[in-house]
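Here is the structure we will look at, set down as structure tokens.
The values are calculated or read from the model by the stated rules, or taken from the named source; none is laboratory data. All figures in this text were calculated on a predicted structure; none of them were measured in a lab. Note that we place each Cβ from the backbone using ideal geometry, even for glycine, and neighbour counts take in every protein chain shown.
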Amino acid sequence: MLRPGHRAYTGRADAPKWLDVREGLRVAGFDDRRAFDAWVRDPARRESEHRFTEEHYDRENCEAFDREAGAVASAKRTTAESIVVSTIEVVGVSLEQLQGSSRGPAEVLGRAVAVRCATIAGVSGRTIAGLLGLSESRVSALRNTPVGGPLRGVCDEVSRRVERASLTREHDAIAGSA
């Protein structure tokens with residue numbers, strides 16, 4: 001079904017006062033009403049028209065958003081893993097100790113450091129909780145731990161190592177794509 005605007009553009013109806021037919025044709029890439037009419041009626045154009053619908057636009061935006069969200073989630077997961085590895089190295093505990101139920105001073109410090117560094121890096125509580133084998137509520141409690149004493153210094157060192165690891169990954173990615 002042809003719309004009233006189409007009839008105005010092709011000269012079959014008077015254009016409303018607000019519609020500048022000449023400008024509309026120019027913007028659409030036409031200088032001839034008959035060429036515009038032929039384009040609108042072209043079956044080949046109609047077959048590809050779905051690409052110009054709001055539904056298609058929304059679907060493409062959603063797919064792009066999903067791809068970007070997946071890349072961000074992957075990067076955050078990589079950062080979280082780097083935080084755990086750096087915490088293990090700096091504090092001198094094993095992954096099993098961090099994930100275990102022991103409440104020794106090294107394990108408690110390691111968990112607090114990993115959670116604090118994850119918070120600073122924008123890693124979700126769920127992600128760091130999964131890597132440390134903690135509940136999300138425990139991670140939330142650790143986030144509220146006052147930063148002082150050895151926690152601050154260890155957090156600073158872990159953050160430096162995570163930043164170096166990130167720069168190394170970026171450098172390697174750039175070198176690999178060159």
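Which pairs do you get when a residue that is at pLDDT below 85, found in segment 26-55, comes within reach of a residue that is in a helix (DSSP H, G or I) and among the aromatic types (Phe, Trp, Tyr), reach meaning Cβ atoms under 8 angstrom, with the pair 6+ apart or on two chains?
The qualifying pairs are ALA28/PHE36; ARG45/TRP39.
Listed here are the residues, each with its yes/no results for (1) in the same structural domain as ALA121 (by TED's automatic domain parsing); (2) more than 28 Å from the chain's Cα centre (by Cα); (3) within 20 Å of THR127 (Cβ to Cβ).
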{"site": "TYR9", "(1), (2), (3)": "no, yes, no"}
{"site": "PHE30", "(1), (2), (3)": "no, yes, no"}
{"site": "ASP37", "(1), (2), (3)": "no, yes, no"}
{"site": "CYS62", "(1), (2), (3)": "no, no, no"}
{"site": "ASP66", "(1), (2), (3)": "no, no, yes"}
{"site": "ALA69", "(1), (2), (3)": "no, no, yes"}
{"site": "GLU81", "(1), (2), (3)": "yes, no, yes"}
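What is the number of the single condition among (1) out of contact with any Ser or Thr (no Cβ under 8 Å at 6 or more places or on another chain); (2) under 30 Å from GLY153 (Cα atoms); (3) hydrophobic (A, V, I, L, M, F, W, C) that ALA112 does not meet?
If we test ALA112 against (1) out of contact with any Ser or Thr (no Cβ under 8 Å at 6 or more places or on another chain); (2) under 30 Å from GLY153 (Cα atoms); (3) hydrophobic (A, V, I, L, M, F, W, C), just (1) comes out false.
Go through (1) under 17 Å from VAL162 (Cβ atoms); (2) surrounded by fewer than 19 Cβ atoms within 10 Å (Cβ to Cβ) one by one and return the number of the condition ARG103 breaks.
(1)
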